[in-house]
Structures are given as structure tokens and as C-alpha cells.
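Below is one structure, written out as C-alpha cells; the observations come after it.
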Amino acid sequence: MLKATLRSFLAHKGRLALSMLAVVLSVAFVAETLMFTDTIGSTFDRLFRSTSADVSVTAHNDVAGRNDQNFSGTVPTVPASLIPQVAHLPGVAAVNGRVSMAGIVLTDANNKSIGAIGGAPTIGINWSPGPNSPVDLTSGAAPTGDGQVVVDSDTVSKHHLVLGQPLRVIGATGGFPVRLTGIATFNTTNPGATLVFLDTGTAQRKLLGHEGVFTSVDLTAARGVTNEQLRDRVAPVVGSAYDVKTAEQTAKDAAQTLGAFLSVIKDALLGFAGIAVLVGVSLILNTFSMLVAQRTRELGLMRALGASREQVNRSVLVEAALLGLIGSTLGLLLGVGLALGLIKLIARGGMVLKGSQLAVHWPTIVAAYAVGVIVTTVSAYLPARRASRISPMAALREADTPGRGAPLRIRAVVGLVVLAVAAGLLVGAATDKDLGQAGILLGGGVLLSLIGLIIIGPLLATPVIKLVGGWFPRVFGPVGTLSQRNALRNPRRTSATASALMIGLALVASLSVVGSSMAASFDAQIDKTIGADLIVQNSTGLPFPNEVGDTVAATPGVGLVVRGQGTRGALVAADGTQQKTVVVGTSPGLDKMVRIEMRDGTVATGTAPGRALIGSHYADAHGLHLGSPVTILFQSGKSGTLTVGGIDVTDTNPGGLGDEPVIASSTLRQYVPGALDDIVFVNVAPGANKEQVKSALTTALAKDPQVQVRDQTDYKKLVRGQIDLLLNLVYGLLALAIIIAILGVVNTLALSVIERTREIGLLRAIGLARSQLRQMVRLEAVVIALFGAVLGLGLGLGWGLAAQRLLAAKGLQSLAVPWSTIIAVVVGAAVVGLLAALGPALRASRLDVLDAIAHE
Amino acid sequence: MAASGEPAARAVGLCKAYGSGDTAVLALDRVDVEIDAGRFTAIMGPSGSGKSTLMHCLAGLDKPTGGEVYVGDTELSRLGDKALTRLRRDRIGFVFQAFNLLPTLTAEENITLPGDIAGRRTDADWLRQVVETLNLGDRLRHRPHELSGGQQQRVAVARALAARPQLIFADEPTGNLDSRSGAEVLGFLRRSVDELGQTVVMVTHDPNAASFADLVLFLADGRIVDRLEGPTADAVLERMRRFDVRGGSQVAQPAPDAD
Ligand SMILES: Nc1ncnc2c1ncn2[C@@H]1O[C@H](COP(=O)(O)OP(=O)(O)OP(=O)(O)O)[C@@H](O)[C@H]1O
Ligand SMILES: [Mg+2]
């Protein structure tokens, strides 16, 4: 029996080729995702391990973590006086004061930013290589004094920098000119950060604002002393105001932050892989169904010759498992290729990974084979069961007539019930007040509506195809009629083929609805809340030196200027419980720039010195009124009690000003000295021209390429651009599922052409031209694809609508249906149909007429 | 009715070989034949004698390996696939032994299909006449699987006639039918020749079927070995018996000196 199975597998290898391709693609995507994220993880692990000191001492801070240092531009520091306290301890081989500050800017002499803006960080570090330094000076000299800098070799070669070249560094205190005096090379893979080394004094003054402080004190353990032993000796000396961590702890903390981010990416990618797998399942199921139908006689003969049901069943399943095994192997190989390609691709975008360090862990291999083999055997199970039910009589019977199949009534009932439940869930999601619960309802609704539509698909095939292909006969004559009827011939098959496409298109449609609703809502939000003529901000929202605000205020034509700061902090309740938040600082006049809906007091009274403007949720929860004291713990570690001077309406206020306290900049700086601006609002002076002021500001700020001057239109454009980018990324990831769906259309057509060989022969005999025959196959494909598009768009619009209603409370108030995308999907589906038909149409038209007529 | 003027189709020195070298089969061996316009010609002969092959070559479905085939005065060997397709569509009608109809089309749509493919409207009066004569009036909206074998063959004949082709080829059109349904189909083919001047070529094994024809050509081993004008079933049967004896002797003596 196994021999017969193998032989049958080989005999049908052509017909299985596309299913195999679907398995290969799905497995490749899964494997590539795992290998890619593992590679990122291991590259950073190595980096963290090599850059962590044996033991490091940092200031302990409840509200601002060490990896959060670029928020507000000020960081917790360690005084230099700590060094002599620990230097003499037994087991300390070396002590190094370290200054390390992310979020600085390096520009060339033309004020063009070097290093990625919005990508990998640019980090300013003091040049003080310890015994186990991760970098070596490979050319030039170490920096000494204000005007010198050493840059990492990757950045140097990427931007073609040369020794002696003038550059500019912009730190917390502002920009200053430097010359490139040396090049440092990492002895592990640097995934893309731009490293700027300054001499210690400069780094302290320009990046931290003071001499005599460090961001950490790094200790090297003497021979024979473990990191843990050293930590335990240092900790009691420095006391509880400092965190003392071993290299392992530091690396682990860093890896954890990254790991959380990586696992989000991994889950998202695996989600898309899952969709592709789902589509692959429908393709394989369809293939095996068709093969079983076409082999009815052969299988009947096997039964007649004495094969048991189980044997027939097993033979189909073994065939599927073989397909899965071979497909997984090829998929795994393709996955390696894709991962290497992706690594090359993102290297261009600034993240440098080494292909030679590609992480192929055994769970990846297990997952690849599990996906491939399970997917194929599960998909082949139903057809296999059907095959085993074929009676020996089938060998004697004439081939099937069309229009057969079990009654669809049960299917209709089940499908309608599932759809009704799904609709209920979606409506529930759209109207539920509790966001978390609504999210669960939405998820359930999406899944059930998909399943319901797949169940009921065969029943929808006839009406929908009559609708979308109804004009075919009039336009394309008998060829149109034939193609439409062929598509209707086996509604189950047509609908299974189309539903694969439906899944991808439904996601495209729903996401495009959400995306354009987001853009529209943001537009409305800006119109409603932003009153400022111009806004100056860093493209990534990072703070910038205060000289930017000074420059803005000094520019002619500028009227009112309001400068804002964001710092980490916590609201401390009477019972001592802390609620972490962002504490916003503002100079006077915020109400002229942002419309804030107030419940009590005004923006001006709330942001007067010593006062705080707080949100209504927090006020109500803690029984605060105008005049009540409110305690805020600042990121500097100091805490202060202010007076409530205003209460805004938490629910209706623009993002970022919900329950976050807003206080006067002057008050904020009492507690957080050196807090940097991260936004500057500008109104033009009366009589000044906005466009002229904008270009004057842009010119004045040329030395600070990290900030941009934008008006409201620019903001809308910026957000639209970001949304589009995200959507395009998602569409790109959905492309795999859509490609597999197209393979499904090709597959169905190819197998149908084989099934209909005799008909094709007859048509050719009575005078159908080859071109007409090709047209017939093409139109059938187009009609199947359009069927999938109609279902997908209907479903996707429903999902998008439910999601928009659900998120309306979160600010997604406007519904926008992107008609251009919808039309593009329909046209795209028709094109997909045409492409899918290329092969099968050619094959059909090449059939020899007489052979075809004589075909069994 | 006697032969008149130009033949509807003719073959000169027609050869058809399958395969090559030692395994080559010569299905047609230098056949010269004329199909008279406006007559009903039957082709008979033992299984494997080349009847279907001859018909396929005359109808432009198959490419001869030698000789010439004319439909009217068009020589087929020079025609490409497109021209041959057009020739079949516009000038030839077919009735096969089985699987004549497209399962997705109704009887009526099947009947008008060749005209529809060509983008011609089928003459409504003519269509009604054909349908009435074949007694298909109440079956036009049915799909093939809802029709009996005889009804299916009648639809196929109606399709062949509806486009008023120059020539109709029928390969054992009654092979799958009982004698009554067979006689109906044959009677209609006969009437289409007598009353409409249609030219029909039919391959058959059945002497009764052959008796509907004006002329019977006998084929053996790829050659025309005999012809019988104005056949009756008995005359055909008697000819076949003789011919069987001769055919048998030919099989028994493979030498070329036979005949
Ligand atoms: N495609 C082919 N390849 C090889 N040989 C063929 C092919 N088609 C027909 N033949 C051979 O050509 C010869 C004539 O075949 P043909 O089909 O014309 O016979 P026939 O007279 O129609 O027989 P029947 O009465 O059984 O239909 C036979 O010997 C047959 O085996
Ligand atoms: Mg034959």
C-alpha cells in the first residue's frame, strides 16, 4: 500500500506542486520570522554583555529608569566623589566614571544630521576605556578638550567622514563645534547606534550640564573576584541611594526592555504568518478535495480490489504528510534565505546585523516541520475521509455530473447562525463602553464572521457571481456565459478558492478603514484642539536644547511663544500611593495654543507658579478641589506639594493631556533643574505673515536639524504619512497571504482545466478559437477573484466599522472609508484573476483537440 | 438524389500514420474519396479500419501525414490552427458518439453555441423548425444531465444543423441509443439531406443506420475497399458478410499480395 501511495504521490506531483509551494511559503515565513528575531536578540545580547561593566553603580530613582535617560534631557547622576570611596575596596581592579547620554545629535559642517534620526540612537560617551573596553581606538587620537571627538568606525565609513573633518555635537546644553580626531571600532557587532566619544570634562559639561558627575561608575573586578562578590562589597559602601548591578544584571535588564519590544514584533510577524498558514490550509484542502474527486474511480477500484477504508484514508494522509515534510524542508531553506535577505535589507535602513551570526535555534526547526506537516495532514483529513467513503461501485459509475453535492441547507442554517452571533458580537464591540471587553468582542466577532462567511460562501457564490459576472455574457458572448457557469459549477470549490483571497482582502479593507479613520480623526482633533500657528518639535519627540526656544523667540515676526517640557514623575496620594505619570511644564499662555476643556479654574490659574492643573479623573478619585494640595514626585527624586489651580476634563482632552498634571516651567525647573523643552508653540505677531515666519524660523533653526517647524497642515501630512507607512508595511506583510491565495486560484483553475479536458476538446472541435478558450479561463478566474473581493470588502468594511466605533472613545471619532483603496482592491482582484489564469489558460489552449475529446 | 457538381469535400492520396519506425501504424493508406454535396454518405468498416481517422482528417480535426484534403475548394494542409478552427466553426457540424454537450449550458444554449461563438445570430425560424422536427420543444431549458441519451443526441444533431454548415460529420451518432431513438435521429439526418440539401457523412457499425444513407463506403485497413449506392439494410449486411470473409483472410495473410 505504501508503494502505491508513493507512486500516486509521484504521479500527482504536478497537481500537488502549488500546494507544496503554499506550504513552502508559509513555513518559510514562520522560519524567517523566528530566525530574524532570534538573530536580533542574540546580537543585542552579545552587545549588552560586552558593553556592561563588571559592576556598575547608578543613582537609584523610582520614577525614571536608567533606560529612560533621554526623557526630558536630564538623567540621574552619580557624583565623582563616589569614586574614591569604592576605588580602594578589595577586589576592585579599576574604576571608571562613565558618561553615556542617548538622544544627542551629530551633524556635519553643513548642519546635516549624521546618524539616524528616528532610528538607532546617537549616544554621547566619555572616552575612558576600561580594561575590558568593547571599543578600541583604531585610528587617530583619543579626544582631549572641548573641540575633539572620536566616532565609531561604522558611522565613519557610512558617512565617509575623514580625520580632521569639522563636525558639530548638539547635547543638552546646546551645540558646539568639534573636529574628528579618531575612529573607534567595536569588537562585537554594533547594530547601528552612532557613538560619539568626547573627553570626560566635555561630556560632563555639555551632555550633563555639570562637571563632577557621571551617569554611572563602572568597576572592573580583580582576578579571582566574581562580579557578585564585588557587588556585595560595593553595595553597603554606596548605600541605598544607588543601584549596584553586576554585568549580568545590567545586560539582563537591557535585554528585557528589548525583549518586550522584540516579542511584540515577533508576535505581529507570526500573526501574519498565521494568516498565510490559514490561507494555505484552504488551498491544500481544496487541492486534496479535487484530487479525491478526480480519482474517485481509481480509489473505487482500490476498494473493489480489497483495500480497506482505513487503507484508503491512510494513503491520502500519508500523501499529505509527505507533501508537508518536503514542503517544510524547502520552506526552512527558503526561510534561511529570506532571513539573510531581510538582514541585508534592514542593514540599509540602519540596523546592522551579521548574516554569519544568523541564529538558527532548534525550536525554529521544530516549528517549521510542525507547521508544514500539521497543516497538510489536517487540511487533507476531510478529503481523506471522503475518499475512504468512496464505494467500490464508484469505479464502475460514470463520472460525476455537475450540480451534485449534498444539500446546502444545513450549511445555510449553521452559517447564518454563526454570522448572526458574529454580527451580535461586532455590534456589541461597537457599543460597549468597556474598552477591554469590547476588544474581546471585536476579536470574537472578527473570527466568527470569517468562519460564518466561509461556511456560507458556497451559498453566496451563485448570487454574487451572477451579480459580478452578470454582464459577462453581454460583453463577452458565449465565452462569458461559459466562464460564469464554470465558476458556478462547483460552488464549494469556487467559494473555498475565493475565501482564501477574501481573508487577505478583508484585512486590507478593515485596516484601511481604521487607518483613514485615524487620519481623519487626527485632522479633526488638530482642528479642534490646536490653536498655535506653528509648532517646533523634534521629529521623534525627544527634548532639544533650550537655545532652540531662545532662537525661536528672537526670530522677527514671532508673537507669543509657549515652551513645553515633559518629565517623568508620579502623583503621590495622601496615603502615599504613587501613580506614575508625565509631569508637563509650560510657560504662560498654553491656553492660547491648545484648547483645553476646563471644569474648574482656568489654564492660566492652573499653570501659575506653585500651582498644578490636574485631570478630573484624578481629582475625583482623590477628592481634590481647587486649592487642595497635590504632591508630585519628580524624576530628580525630589517631591513637592503644589496647590490645585485648575481641573481639566480628562476624557475630552487631547492625547498627552489626560490625567497628566501641567505646571509652570519655572516650578518644574525648581524640582528638575535643567529640564529641556520638547515642544515650542508659536503664534505669529499681529500683521506678520505665517509662511514668512515659518521660513524665517526654519532658517534660524538650521543649526538644529533635529527640530522641525510645522504648521497644522504639516502635522496632518506628517500623521497621514506615518499612517500610510504603517498601512503599507501591513499590506506588505499581508502580501504573502494574498500570494498564497492567488496560488489557490491558479491551482483550482489548473485542476479544473484537467477535469474539463473533454469539454475543452468538444469546444475546440465545434470551433472555439484558442484565444477564446484562454479568454474563457481568464474570465472564470476574474469572476472567482471578484467574488473573493466582494466578500472580503464586505467583511472588512464591517470589521473596520466595528473597530472605529469601538475606538471612538479613544479618539477615533471620525469614520472615513478609503474609496480609492476599495476601488484599488476590486481592480487588483480582477488583475489577480487575470494573472492567476495565465498558466491554466495557456495549458487549456494548448490541449490537442483529438486527445482532449478522447480523454477519459 | 444524385450527386451534383462540385464535391463538398474530397481527399487525394490521404495518408495518416501514427508513431514512427517499427511501431508505426498506418491508419489511412493513400485514400482517395469524394463526398458529394447534398448527399448522405455512410462509412463502414471493422473496428480499427480507420473510419474515425478519415472523418477527423476530412473535418480538419486531425493533420494528415500525406496527401491532400479539400473542403469545398479549400485545401486544409495549408491552413493554420486559427483558419482550421474557423473552418470547423463556420462550415462543419459535428455529432460525436458521446459527450456532445456542454454540461453547464441548457439544450438551447448548446444548440446555438457554434453560432454564438462565431458571433452570428441563429436564424430563429430555422431554429424553430429544427427544434420542432427533432421534437425538442419542451426540453430546451434543460441541462444535458436532465436529458436521456437519445434526447442528448438529438440536441447534438440540432446543434450540427442549426448553423447550416456545409458538411455534417457524425461518428457513430446512434451507437449509444436504442433502435427507436436511433431511427429518429437517423430519420432526421435523412430529412435534412432530402429537404434542406444538407451534406452528411456518418460513421457507423450498424447496417440499419447505413441504410438511411445514399452511399456506403467500406473501409478496411485504411483503404476504401468497396462502395454501395442506394443501400438497404440487407444489401449492406450481405456486403459486410462478404467483406468480413475477405477482411478475415487479409488478417490471416499479412502479405502484401492479398487483395
Ligand atoms: N492516437 C493514436 N495513436 C496511435 N494509433 C492510433 C491513434 N488513433 C488511432 N490509431 C490507430 O489507427 C487505426 C485506425 O483507428 P480509428 O480510430 O480510425 O479506427 P475506427 O475505424 O474508427 O475504429 P472503431 O470502429 O473501433 O472506432 C487503429 O489501428 C488505431 O489503433
Ligand atoms: Mg471510431
Expected single match for within 11 Å of chain A (Cβ to nearest Cβ) and within 29 Å of B:Val69 (Cα to Cα) among B:Leu161, B:Leu101, B:Leu167, B:Leu189 is B:Leu101
Checking A:Leu382 against (1) in contact with an Asp or Glu (Cβ under 7 Å, 6 or more places away or on another chain); (2) at pLDDT below 85: exactly one of these is not met. Which one? (1)
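So which residues in the range B:104-125 are farther than 16 Å from B:Arg154 by Cβ, more than 12 Å from chain A (Cβ to nearest Cβ) and touching a helix residue (DSSP H, G or I) at 6+ places or on another chain (Cβ under 9 Å), if there are any at all?
Of the residues in the range B:104-125, the ones farther than 16 Å from B:Arg154 by Cβ are B:104, B:114-125.
Imposing the further condition that a residue be more than 12 Å from chain A (Cβ to nearest Cβ) reduces the set to B:123-125.
If the condition is that a residue be farther than 16 Å from B:Arg154 by Cβ, more than 12 Å from chain A (Cβ to nearest Cβ) and touching a helix residue (DSSP H, G or I) at 6+ places or on another chain (Cβ under 9 Å), then B:Asp123 is the only one that fits.
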How many residues does the range B:210-244 hold that are surrounded by 19 or more Cβ atoms within 10 Å (Cβ to Cβ), farther than 26 Å from B:Cys15 by Cα and either β-branched (Val, Ile, Thr) or within 13 Å of ligand 1 (Cβ to nearest atom) (or both)? 1
For residues that are charged (D, E, K, R) and buried (at least 18 other Cβ atoms within 10 Å of the Cβ), scanning just the range A:769-828, find the one that is nearest to A:Thr497 (Cα to Cα). A:Glu780
For B:Ala37, work out the one condition from (1) within 14 Å of another protein chain (Cβ to nearest Cβ); (2) buried (at least 18 other Cβ atoms within 10 Å of the Cβ); (3) not hydroxyl-bearing (Ser, Thr, Tyr) it doesn't fulfil. (1)
Of everything in the range B:174-186, what is more than 14 Å from every other protein chain (Cβ to nearest Cβ) and either within 16 Å of ligand 1 (Cβ to nearest atom) or more than 13 Å from the chain's Cα centre (by Cα) (or both)? Give them in sequence order. B:Thr174, B:Gly175, B:Leu177, B:Asp178, B:Ser179, B:Arg180, B:Ser181, B:Gly182, B:Ala183, B:Glu184, B:Val185
Tell me the residue from B:Leu14, B:Leu26 that is within 13 Å of ligand 1 (Cβ to nearest atom) and within 19 Å of B:Asp73 (Cα to Cα), please. B:Leu14
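Do the conditions hold for B:Pro7, that is, is it away from ligand 1 (no atom under 16 Å from the Cβ), touching a Gly at 6+ places or on another chain (Cβ under 9 Å) and away from chain A (no Cβ under 14 Å)?
Values: away from ligand 1 (no atom under 16 Å from the Cβ): yes; touching a Gly at 6+ places or on another chain (Cβ under 9 Å): yes; away from chain A (no Cβ under 14 Å): yes.
Judged against the criteria, B:Pro7 is a match.
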Which residue pairs have Cβ atoms under 6 Å apart, sit 6 or more places apart or on different chains, and have a first residue in the range A:397-419 that is at pLDDT below 50 and a second that is part of a helix (DSSP H, G or I)? A:Thr401/B:His145; A:Pro402/A:Arg489
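Conditions tested, residue by residue: (1) within 15 Å of ligand 2 (Cβ to nearest atom); (2) aliphatic (A, V, I, L, M).
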position: B:Ala17; (1), (2): no, yes
position: B:Asp32; (1), (2): no, no
position: B:Gly50; (1), (2): yes, no
position: B:Pro64; (1), (2): no, no
position: B:Thr74; (1), (2): no, no
If you scan the range A:708-757, which residues turn out to be within 14 Å of another protein chain (Cβ to nearest Cβ) and not in a helix (DSSP H, G or I)? A:Arg756
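Taking A:Thr757 as the residue in question, decide whether it is under 29 Å from A:Gly444 (Cβ atoms), in contact (Cβ under 8 Å) with a residue 60 or more places away in the chain, hydroxyl-bearing (Ser, Thr, Tyr) and away from ligand 2 (no atom under 16 Å from the Cβ). Break it down stepwise before answering.
Working: under 29 Å from A:Gly444 (Cβ atoms): no; in contact (Cβ under 8 Å) with a residue 60 or more places away in the chain: yes; hydroxyl-bearing (Ser, Thr, Tyr): yes; away from ligand 2 (no atom under 16 Å from the Cβ): yes.
Answer is no for this residue.
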Exactly one of A:Ala359, A:Ala260 is outside any helix (DSSP H, G or I), of a type in the set (Gly, Ala, Ser) and not assigned by TED's automatic domain parsing to the domain that holds A:Leu450, and that residue is A:Ala359
Every residue in the range B:165-180 that is assigned to a strand (DSSP E or B) and more than 16 Å from ligand 2 (Cβ to nearest atom), please. B:Leu167, B:Ile168
Between residues in the range B:191-209 that are closer than 12 Å to B:Glu172 by Cβ and residues that are assigned to a helix (DSSP H, G or I), which pairs lie under 6 Å by C-beta distance while being six or more apart or on different chains? B:Val203/B:Lys51; B:Val203/B:Met55; B:Thr204/B:Ala210; B:Ala209/B:Leu186
Could you check, for the range B:68-78, whether at least one of its residues is facing another protein chain (nearest Cβ under 8 Å), touching an Asp or Glu at 6+ places or on another chain (Cβ under 9 Å) and either at pLDDT below 85 or assigned to a loop (DSSP other than H, G, I, E, B) (or both)? no
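Filter the range A:758-788 down to the residues that are in a helix (DSSP H, G or I), more than 27 Å from A:Gly457 (Cα to Cα) and β-branched (Val, Ile, Thr) and list them by number.
A:Ile760
Looking at A:Ala808, A:Ala769, which is the one that is touching a Ser or Thr at 6+ places or on another chain (Cβ under 8 Å), among the aliphatic types (A, V, I, L, M) and without any contact (Cβ under 8 Å) to a residue 12 or more places away in the chain?
The match here is A:Ala769.
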Determine which single condition A:Ser240 fails, assuming it passes every other condition in (1) of a type in the set (S, T, N, Q); (2) within 22 Å of A:Leu161 (Cβ to Cβ); (3) assigned to a loop (DSSP other than H, G, I, E, B). (2)
Among residues belonging to the range A:465-505 that are among the polar types (S, T, N, Q) and part of a helix (DSSP H, G or I), point out the one that is farthest from the other protein chains (Cβ to nearest Cβ). A:Ser499
A:Leu505 meets each of (1) surrounded by fewer than 18 Cβ atoms within 10 Å (Cβ to Cβ); (2) outside the structural domain of A:Lys638 (by TED's automatic domain parsing); (3) among the hydrophobic types (A, V, I, L, M, F, W, C) with one exception, condition (1)
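The values are calculated or read from the model by the stated rules, or taken from the named source; none is laboratory data. Keep in mind that what you see is a predicted model, and the values were worked out from it rather than measured. With ideal geometry, Cβ positions are generated from the backbone for all residues, glycine too; neighbour counts draw on all protein chains shown.
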